[in-house]
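J.: Below is the structure I would like to discuss, written out as structure tokens.
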């Protein structure tokens, strides 16, 4: 079956599910912005594809046949999976982006650990002093809107490393704290 055919089948199954839920073809059509005749045709196509009647139609509405009840339960499950997929997608879209700027020879070996701890924080490199988190070997100018932490790294010979981040971004602060902790491992 092609993707196009699968999509048509999924569409028919979702309409079938909605018709059973509403009990009437015309109500379902109206709620979904289509003509009742078009919806009725889709349901007939679904019955033809399956090879058996799925609905008992009457003036009181529609009821599923025995096979229709089985298809209804499967289409309900399909609808729930689609809703869950959309929920996951929506959650992913709410991820927070944090830009960072590191000096050329600065290496943060445990970056994967940060991704594991905070999967909703997306990091991207920005070679700019406007980045959310900046690591520098030179002391940055004082800025009330940023948190600046000086780290002395090394044992015999120490290197000063400044980590500075935006105060108004909780995600940036988490990343800066992670960097500071990593420098002292």
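J.: For a quick check of your reading of the model, give me the residue pairs whose first member lies in the stretch 80-97 and is farther than 14 Å from residue 118 by Cβ and outside the structural domain of residue 122 (by TED's automatic domain parsing), whose second is part of a helix (DSSP H, G or I) and modelled with pLDDT of 75 or more, with beta-carbon atoms closer than 9 Å and at least 6 apart or on different chains.
T.: 82/10; 82/14
J.: Test of understanding: among 96, 65, 116, which residue is closer than 30 Å to residue 140 by Cβ and in contact with a strand residue (DSSP E or B) (Cβ under 8 Å, 6 or more places away or on another chain)?
T.: Answer to the selection: 96.
The values are calculated or read from the model by the stated rules, or taken from the named source; none is laboratory data. These figures come from a predicted structure and were not determined experimentally. Note: ideal-geometry Cβ built from the backbone for every residue, glycine included; neighbour counts use all protein chains shown.
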